[in-house]
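Okay, so here's the structure we're looking at.
The values are calculated or read from the model by the stated rules, or taken from the named source; none is laboratory data. None of the values given here were measured: they were computed from a predicted structure. Cβ placement follows ideal geometry from the backbone for every residue including glycine, while neighbour counts extend to all protein chains displayed.
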Amino acid sequence: MIRSLSRPQLVVDAAVAVIAILARSVLGYDAAVVFWVTVGMAGALFLRRLSPGIALGLAWCTVAVQLSASLPPDIANAAVLPVLYATAAYGSRTVRWAGLASVPIGAVIATVYVLFLQSGGLDGLTRLALQVRTGEAFQGGAPGVIGFVSAVALFGLSWVLGLLVATWRTAREGRAALRSAAAEQADALREVAVEQERTRIARDMHDVVAHSLAVVIAQADGGRYARAANPEAADEAFRTIASTARSALADVRVLLGQLRANDEAAPSRDGSDRSVTAAPQPSLDDLDRLVDQFRASGLTVERNETGPAAQLGAGHQLVIYRIVQESLTNVLRHGDAASTVAVGFRWQYDVLTVTIDSGLLVPRDRGAVPDGHGIDGMRERAVLAGGSFSAREIGDRFVVCLTLPALTAAPPLSDEAVSE
């Protein structure tokens, strides 16, 4: 397998191989085969990072030529050490195990070969075989034992160092991958938070615009009909229209400002955190003003409460306000505006139940007019706040029911938690 190396790495490896040949030439070459052994080891040195498997094979072939020529150990054989290092540091799994297997095999061959040369070559071959068979050549303190242990230590140390470098490199790459994954996850979470905030703003925009337009339309129709008979009622209707329009315009400007600031605070690649200050949101204290607006539009709204009021967080209060606003707007637009609308709050120790009971226009063709996004938006608000929501027809009435947890001992739920 050929690894991909940069041009500077290839130049450095080639320079190392050339320097090895030149350094060996200082000692001179007794025979041509010595030169070619040096070239072979230099070639293995050059290929050690480019292809550790080929470098190991070339080193073995060069050693085989050296053994067949009965040449003594040479300084060029030192190239075996960086080759073994490279098999563990850069090689594949197979090459790495081949390098490990080369450690004891190479140590045995080197030890036997040195003993063979020291025993007098072919003339002492029989005596060497006898020493090996009786174990005399490998007794403690014998040259065979010392040579074998030294070779294993030298070859093994080179391979182990390469394995340590490969392990360290893998661990470093793993840590970098974890950091990159963590950064991508943080960016994704910020993008999700921004998208959720945009969705919340869109829901608020829908509530504000739908409510305001419904009130404006009702007041405009009433003022037009009452203009001739009761000019004062017409003037009051126009004042209500102006007040509602101004309030809606202010709310829309706040929401657009939030959306613009939200876009400016979108997740950046540098990980900077630019928070956006949330605008004040409606609460239960604003419900009376909301109900008065609908009453001025012609709705008959009755509000009643049972049980002692419990503590509610800003997020829960916003959910209640928006659902009551959306429900009354739907009555004004699609329901029986002439019938009484009952808004009930039933407080219990751990639960608050809000119901909006209104009349239906008969007949109602549900297949012709879709429910739109109002019901889905109310249901989503309730679920995000940890409650439940239902909207259904009961006879000639349409009942919206919201249930929220209301534990006085529990900390209030923030508006940011509801929006997220």
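Give the residue, chosen from 45, 58, 50, 10, that is at pLDDT 90 or above and touching a Pro at 6+ places or on another chain (Cβ under 7 Å).
Numbers: 58 fails: touching a Pro at 6+ places or on another chain (Cβ under 7 Å); 50 fails: touching a Pro at 6+ places or on another chain (Cβ under 7 Å); 10 fails: touching a Pro at 6+ places or on another chain (Cβ under 7 Å).
Sole residue among the options that is at pLDDT 90 or above and touching a Pro at 6+ places or on another chain (Cβ under 7 Å): 45.
Looking at the stretch 404-414, is at least one residue modelled with pLDDT of 85 or more and under 23 Å from residue 288 (Cβ atoms)?
Of all residues in the stretch 404-414, those modelled with pLDDT of 85 or more come to 404-405.
Those left that are additionally under 23 Å from residue 288 (Cβ atoms): 404.
Yes, that holds for at least one residue.
Given the structure, is residue 96 in contact (Cβ under 8 Å) with a residue 60 or more places away in the chain, of a type outside the set (Val, Ile, Thr) and in contact with a helix residue (DSSP H, G or I) (Cβ under 9 Å, 6 or more places away or on another chain)?
Taking the combined requirement at face value, the residue satisfies it.
Among what's in the stretch 33-54 and is buried (at least 22 other Cβ atoms within 10 Å of the Cβ) and touching a Ser or Thr at 6+ places or on another chain (Cβ under 9 Å), pick the residue that is nearest to residue 70 (Cα to Cα).
Here the answer is 37.
Step by step: first the residues of the stretch 294-338, then only those that are buried (at least 17 other Cβ atoms within 10 Å of the Cβ) and of a type in the set (Val, Ile, Thr), then the one that is nearest to residue 217 (Cα to Cα). Which residue is that?
329
Quick one: count up the residues across the stretch 83-101 that are over 36 Å from the mean Cα position of the chain (by Cα), buried (at least 21 other Cβ atoms within 10 Å of the Cβ) and of a type outside the set (Phe, Trp, Tyr).
Of the residues in the stretch 83-101, 3 are over 36 Å from the mean Cα position of the chain (by Cα), buried (at least 21 other Cβ atoms within 10 Å of the Cβ) and of a type outside the set (Phe, Trp, Tyr).
Can you name the residue in the stretch 334-376 that is outside any loop (DSSP other than H, G, I, E, B) and over 21 Å from residue 389 (Cα atoms) and is also modelled with the lowest pLDDT among such residues?
By that ranking, first place goes to 336.
What residue, of 30, 13, is loosely packed, with under 13 Cβ neighbours inside 10 Å, free of Cβ contacts under 8 Å to residues at least 60 places away in the same chain and assigned by TED's automatic domain parsing to the domain that holds residue 92?
30
Matching residues to (1) over 22 Å from residue 63 (Cβ atoms); (2) not β-branched (Val, Ile, Thr):
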residue	(1), (2)
4	yes, yes
10	yes, yes
15	yes, yes
22	no, yes
29	no, yes
34	no, no
38	no, no
42	no, yes
47	no, yes
